[in-house]
Amino acid sequence: MSTPTPSTEVAKDTSMLQQKAMIAGHYDRLATAREDGRKVCSTFVPGNLNELIMSFDLLNNLPEVNAIQSGLRKQSGLYVMEAEKHGHSEDVCTYVKSDIGMILKGNVGPYGKPLPDPDVLLLCYTGCYTFMKWFELLRERYKCETIFLQIPYEGDGKITQNMRDYVVKQLKEDVIPTLERVSGVKFDIDRLREYLRNSAKAEDDLVHVLQAAKTKPSPIDAYFGGIYYIGPIFGAFRGTEDAIGYYRALREEIDARVAAGQGPVTPEGDMGEEKYRLVVEGPPNYTSFRDFWKMFYDEGAVVVASSYTKVGGVYDFGFRHDPDHPLESLADYCMGCYTNRNLPQRVDMLANYVDEYQADGLLINSIKSCNSFSAGQLLIMREVEKRTGKPGAFIETDLVDPRYFSPANVKNRLESYFQMIDQKRQGGAVAGEAA
Amino acid sequence: MAATKDIVARCEALFEDLNFESARAWKAAEDGRKVIGYLPVYVPREIIHAGGMLPLGVLGGGDRLEVIHGDAYYQSYICRIPRSTVELGVTKRLDFVDGMLFPSTCDVIRNLSGMWKLMFPEVYTRYVDVPQNFDDELGGAFFRQEMEELKEGLEGVAGRKITDDAIRESIAVYNENRRLVRELYAFRAKQPWKTPSAEVYLVVRAGMVLPIEEHNQLIRDYLAAADAEDRPMRDNCRIVLTGTFCEQPPLNLIKSLELAGCYVVDDDLLLITRWLLDDVPTEGDPLGNLARAFLHNSESTSAKYVDDEAEKGRYLVRAVKETGAEGVIFAAPSFCDPALLDRPMLQNELKANNIPYIAFKYAENSGQMQPIREQAGTFADSIKLWSAA
Ligand code: SF4
Ligand code: SF4
């Protein structure tokens, strides 16, 4: 077992400090939105229209991010149980229950400050049916204006003209006029273009960072670390100057790590020798996030690509927000998000990741909450194994419900997976020698 | 005239046949015949029919199918219907099916469409998106075009053009079917002792496998027979059953409710047969007419967005009032996100209208009915006490 070298590097990373300040600032703005006379729009991460929301001077509040933050701060378990006490089934998505429970408990945000009631709910219905129910539940509580934007699913693995037209038409005829009315701000397409231009810059740098994992050793962990990297762009910052600055700084840091031949940073400093390279499918567990991560870096396992970092936008095949086609590119962005892609597309992506990032195999973290991700994952695993010839593994946890994270089970599974990879390598080596 | 007993026996045989022999026989009877399977809740069957093909409802394996392979495809926390559907596929019970349609009901069925593409690449497989925006120019235009593309895909399977005239004719046949199913439901709401719910279920369920014309005749025969027969009226309360729009409850569950003292006077079982609430016009653009009917005149379920907050849950209240029901039973498949997430909102609306309810979960292969029977029995007793007070 490799021991990570203690390092002070974590504290020194400018990008990380920058991100911390950005997020804290955002929660501050939300907490004082009322005093400052600002209106708030609640919306979801996949397919979020941050550039559009900013064009109307609205503040973006993301219930999933609140749930994640509650998970990381170990409050979500309580919230989930609170929601269940109020009649929500134990069977359903725990993100929803964490959010509802937080509201029932006074809606104090993750930074200890109360979150404002939204002025408008923008239900951008992308890649998950649960969103529809989640927003109906929020609407029942807040009785505020709700905008529904249907994002058709890529059932045939492509975006058709009909799908694109539908989204653009909804934006023009429904979403934009309603946002104008709620915000009192007139729509300015040039302002939107400017934000989209900003988005594209940050997206370029994000892709550069994520693809740096193709190097050996990988300078990043594209799952545990990746979750930090996607934070600003999946959250309330896509389209801002702040995001451009953050991704520029991050890119420089990662380039420096590549140049120095360094591996990823972990909570305990630099990871030691890179022994295993994995592709991971599925969201992480947030309630034991650090312990979960440790099970990987303690063994020298680094995640070189993950699907979760594509849930709020898939940029690595060339898509960028496009100021010259503002509404069309928002439409394509939404429809291209990972869980809005069909299973054959997901299999292709993951199998290609295994090849391109020279991974030892695919690990699936299957989330009890999430039918959108989870239904079909066992087939995905077998298909990717078949195509790549690399072994896969399957673990089960939950996003924010601590009752479904069993450390001993997960650790056992991971250990046997690493052994399997070792055996496969030895087998390969023997076969190679024999040849 | 055939007795209800004989008609129901025929339906039950169709229901129990997990090899779909009747659909196979239909296909074998003429060269070139094609069969198109579909999952709940709604697909426009008229277009399949207009192509001279047989629409086949695939509703999982119930409590009679031993699921051996299906469990290797699904984690324990996912409902039953996809795994038994996969079982039907893997065991070649659907090997005569030329196309499969997976409507936009939930993430599980949505993802199953992609699984089917991977597992059965030779089968025409399509995810059927439906509108959640109810404006003619927006959701309507989108859905009309989706149906156009579906039609083109089905033409590929049928090996022939599907004309507007053919779709209009099919709409007329399905209008007749919808009228008959509504009549059957109205009959049951009035005289539930004459049409036990398990029978109504089997009669409607036969329409998932029979050619629609045959099904129309079957419902007529059953209605005539039920009307002619005297059956004892029990001192049961009247309830609306909801949450059963996708994975099917075991037949025993439906029977148990009535044995426990609850007449089911409305339900959301096999909703595709009643999805469109009125006749669809047979003049003009047929796909446009189907789209408009979906937008403005279709059933409500948890899988459908309610754009007007004031309307949330009202359909249940209306169902209760219109059928003279005294309470609602929420029965949802375990792990069914749409039904279970919706439930608290629906229950709030019932509370606001002083309508009593109970709730439980089931799986298509639930064997133990005792707890459900007890719960329903207690519910029936409390309703009787309440109305006597
Ligand atoms: S089901 Fe999955 S994608 Fe949908 S809200 Fe829950 S965790 Fe998110
Ligand atoms: S039972 Fe519910 S969760 Fe399962 S496939 Fe049907 S609608 Fe989806």
Quiz prompt | Candidates per GluC sites (Glu not before Pro) in segment A:230-281, loop by DSSP, up to 14 other Cβ within 10 Å | solution = A:273
Self-check item: For segment B:193-201, Karplus couplings with θ = phi - 60° (6.51, -1.76, 1.60), whole Hz, Gly/Pro x
Solution: 5, 7, 9, x, 4, 4, 5, 4, 4
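Which pairs break 23 Å Cα to Cα here: A:39/A:97; A:85/B:321; B:321/B:351; A:172/B:151?
Result: A:39/A:97; A:85/B:321; A:172/B:151 exceed 23 Å.
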Quiz item: If you line up the Cα atoms of chain A on their principal axes, what length do they span on each, largest first, in Å?
Solution: 73, 49, 44
Quiz item: chymotrypsin sites (Phe, Trp or Tyr not before Pro), restricted to segment A:61-120: which are DSSP loop and have at most 16 other Cβ atoms within 10 Å?
Solution: A:111
Quiz item: What residues qualify as long-range amide H neighbours of residue A:396, i.e. H under 5 Å apart, gap of 5 or more or another chain, H built at 1.01 Å from N?
Solution: A:366
Quiz item: Quick one: Karplus J couplings for segment A:118-125, per residue in order, coefficients 6.51, -1.76, 1.60, θ = phi - 60°, nearest Hz, x for Gly and Pro?
Solution: x, 8, 8, 9, 10, 8, 8, 7
Quiz item: What is segment B:106-169 by shape, rounded, prolate or oblate, if you read a ≥ b ≥ c off the alpha carbon gyration tensor as root eigenvalues and call it rounded for a/c under 1.5, prolate for a/b larger than b/c, and oblate otherwise?
Solution: oblate
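Dipole size in debye (nearest 20) for chain B around its Cα centre, Lys and Arg Cβ +1, Asp and Glu Cβ -1?
Numbers: 44 positive and 60 negative charges, 180 e Å.
Dipole about the Cα centre, nearest 20: 860 debye.
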Quiz item: If you place +1 on the Cβ of every Lys and Arg and -1 on the Cβ of every Asp and Glu, how big does the dipole about the Cα centre of the protein assembly as shown come out, in debye to the nearest 20?
Solution: 1280 debye
Quiz prompt | Under 5 Å, built H, 5+ apart or other chain: amide partners of residue B:263 | solution = B:237, B:238, B:239
Quiz item: Which far-off residues, 5 or more places away or on another chain, put their amide H under 5 Å from the one on residue B:54, with H placed in the peptide plane?
Solution: B:34, B:35, B:36
Quiz item: With each label point set 7 Å from Cα along the Cα-Cβ vector, what nm distance links residue B:360 and residue A:111?
Solution: 5.0 nm
Quiz prompt | Charged-residue dipole, Cβ positions (Lys, Arg, Asp, Glu), segment B:249-389 about Cα centre, Debye nearest 20 | solution = 520 debye
Quiz prompt | Shape category assigned to segment B:32-165 from the gyration tensor of Cα positions, a/c cut at 1.5 | solution = oblate
Quiz item: Going down the list A:158/A:411; B:117/B:161; A:20/A:169; A:133/B:92; A:143/B:304, which pairs span over 27 Å between their C-alpha atoms?
Solution: A:158/A:411; A:20/A:169; A:133/B:92
Quiz item: If you take every DSSP beta bridge whose two residues both sit in the protein assembly as shown, what share of them, in percent to the nearest 5, is antiparallel?
Solution: 10 percent
Quiz item: Using a Förster distance of 45 Å, how high is the FRET efficiency between residue A:173 and residue B:235, based on the Cβ-Cβ distance and rounded to 0.05?
Solution: 0.20
Quiz item: Over segment B:32-165, what is the mean sequence separation of C-alpha contacts under 8 Å (at least six apart), divided by residue count, expressed as relative contact order in percent?
Solution: 27 percent
Self-check item: DSSP bridge orientation in segment A:14-430 - percent antiparallel, rounded to nearest 5
Solution: 10 percent
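Sort A:185-194, A:295-304, A:26-35 for me by packing, meaning the mean count of neighbouring Cβ atoms within 10 Å per residue, highest on top. Mind dumping the intermediate values first?
Numbers: A:185-194: 14.6, A:295-304: 23.3, A:26-35: 16.5.
Ranked from most to least packed, the peptides come out as A:295-304, A:26-35, A:185-194.
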Quiz prompt | Spatially proximal aspartates and glutamates relative to residue B:361 (Cα-Cα < 16 Å; intrachain offsets below 8 disregarded) | solution = A:84, A:90, A:91, B:63, B:247, B:267, B:268, B:337, B:342, B:374
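Go through A:221-227, B:52-58 and give me the packing order, highest mean Cβ count within 10 Å leading.
A:221-227, B:52-58
Taking a ≥ b ≥ c as the square roots of the eigenvalues of the Cα gyration tensor of chain B, is the shape rounded (a/c under 1.5), prolate (a/b larger than b/c) or oblate? Don't skip to the answer; put the middle values down first.
Numbers: a/c = 1.42, a/b = 1.38, b/c = 1.03.
Rounded, because the longest to shortest axis ratio a/c is under 1.5.
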Quiz prompt | Among A:333, A:405, A:33 - extreme Cα towards positive end, dipole of chain A, charges at beta-carbon | solution = A:405
Self-check item: Qualifying trypsin sites (Lys or Arg not before Pro) for segment A:127-178 [loop in DSSP, other Cβ within 10 Å: at most 10]
Solution: A:143
Quiz item: If you project the alpha carbons of the protein assembly as shown onto the principal axes, what extent comes out on each, in Å, largest first?
Solution: 89, 74, 53
Quiz item: Roughly how many whole Å is it from the C-alpha centroid of segment B:76-154 to that of segment A:220-256?
Solution: 37 Å
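All of the numbers you see were taken from the coordinates with simple rules; none came from a lab. What you see is a predicted model, and the numbers here were worked out from it, not measured in a lab. For neighbour counting, all protein chains shown are included, and Cβ atoms are generated from backbone atoms with ideal geometry for every residue, glycine included.
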